[in-house]
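A.B. asks: Quick one: structure below, then a few questions.
Laboratory data are not the source of any read-out in this text; all were calculated from the coordinates shown. Worth saying up front: this structure is predicted, and the values here are computed from it rather than measured. When we count neighbours, we look across all protein chains shown, and the Cβ atoms used for this are built from the backbone with ideal geometry, even at glycine.
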Amino acid sequence: MSREARLSARAAERRAAAIARHPSFDAARFDALAPNALRVGHERPDAERDAAADAYLALLADATASDRRGPVHELLFAATLTGPSATAPQMARAYNLADGLMREHGWLADLLARELAEVPLERFEAALVEQLERVLGPARGAWPERVYATSVSLRDAVDDLVPGTLELVAPRVIRARDVDDPSRCAGVVVLDASTAFATPAPPGPALAV
């Protein structure tokens, strides 16, 4: 039996077991992503490659059964977990990290998915920590020797938003509420003295300062 046939059979087993346990299992989503298992760990020895492919199918079944659809999960199954040197332990660690991000605000998960899109699996955890530090780490001194100015279009995040109240929601994240509808918000993430970008933001509480 070819490797493709073996993986197809294994995917069918995972699919059937998940459907039996979870009536709401999204079979169409599983079927669309399961073929990616063929790309997983193809530079590894056969035994490690097969273990990684099976781990991919197991994680995909779990994510589909439990409706994990955050942007970081989508990135993992579409790209990150399918790397040529992927191993089962690396994949499980990345998946657990993505689960932890589900408790965070949506804007942060959107940002991380964008910034981690080109990061290989072996660097995923380190790159994730770097990005979290960039956004949520302590802000630098308020008055550096040079003062920089930059402009950011909020329409890139929320079309037609008219900025009203500005709030600090993280050390490097400013939220702008729409003048007429305060529930419509855009966030401005300040990465350094001259780099910032807009992203959708939830209308949650501001940071106490």
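A.B. asks: Along the Cα→Cβ direction, 7 angstrom out, place labels at Ala9 and Ala126. What is the inter-label distance in nm?
C.D. replies: Going by the 7 Å Cα→Cβ label model, 4.0 nm.
A.B. asks: If you don't mind, another one. Over segment 77-138, calculate the relative contact order: mean separation of alpha carbon pairs under 8 Å at least 6 apart, over the residue count, as a percent. Present the calculation step by step, with values, prior to reporting the outcome.
C.D. replies: On the way: 28 pairs, mean separation 26.5, N = 62.
43 percent.
A.B. asks: Working out 0.36 nm times the residue gap between Asp62 and Leu166, then minus their Cα-Cα distance, what length gain in nm do you get to one decimal?
C.D. replies: Working: separation 104, 0.36 × 104 = 37.44 nm, distance 3.99 nm.
That works out to 33.5 nm of additional length.
A.B. asks: For segment 98-123, list residues with backbone N below 16 Å from a point placed 7 Å from the Cα of Glu43 toward its Cβ?
C.D. replies: Hits in segment 98-123 for Glu43 at 16 Å: 118-123.
A.B. asks: Quick check for you: which residues of segment 64-86 have the amide N under 15 Å from the point 7 Å beyond the Cα of Glu115 toward its beta carbon?
C.D. replies: 72
A.B. asks: Counting only C-alpha contacts under 8 Å and six or more residues apart, can you give the relative contact order of the chain as a whole percent? Each step should come with its number before you reach the end.
C.D. replies: Details: 304 pairs, mean separation 29.9, N = 209.
For the chain, the relative contact order is 14 percent.
A.B. asks: Same structure, new question: Where the Cα atoms of the chain are projected onto their three principal axes, how long is each span, largest first, in whole Å?
C.D. replies: Principal-axis extents of the Cα atoms in the chain, largest first: 66, 38, 26 Å.
A.B. asks: Additional query: Would you mind ranking Thr80, Thr87, Thr150 by Cβ crowding within 10 Å, fewest neighbours first?
C.D. replies: Working: Thr80 24, Thr87 19, Thr150 12.
Fewest-to-most ranking of Thr80, Thr87, Thr150: Thr150, Thr87, Thr80.
A.B. asks: Take every DSSP beta bridge with both residues inside the chain and express the antiparallel ones as a percent of the total, to the nearest 5.
C.D. replies: Details: 16 of 16 bridges.
Restricted to the chain, the bridges split so that about 100 percent are antiparallel.
A.B. asks: Right, next: Tally Lys and Arg at +1 and Asp and Glu at -1 over the other residues with C-beta under 13 Å from the C-beta of Glu43: what net charge comes out? Could you put the intermediate results ahead of the total?
C.D. replies: Working: positive: Arg39, Arg44, Arg49; negative: Asp46, Glu48, Glu122.
Every neighbour counted, the sum reads 0.
A.B. asks: When a/c is below 1.5 the answer is rounded, else prolate if a/b is larger than b/c, else oblate, so apply that to segment 1-106 with a ≥ b ≥ c taken from the square roots of the Cα gyration tensor eigenvalues. Can you show the working numbers first?
C.D. replies: Working: a/c = 2.16, a/b = 1.20, b/c = 1.81.
Because a/c hits 1.5 or more and a/b fails to exceed b/c, segment 1-106 counts as oblate.
A.B. asks: With the crude spin-label approximation of a point 7 Å out along Cα→Cβ, what separation in nm comes out for Glu104 versus Asp31?
C.D. replies: 3.4 nm
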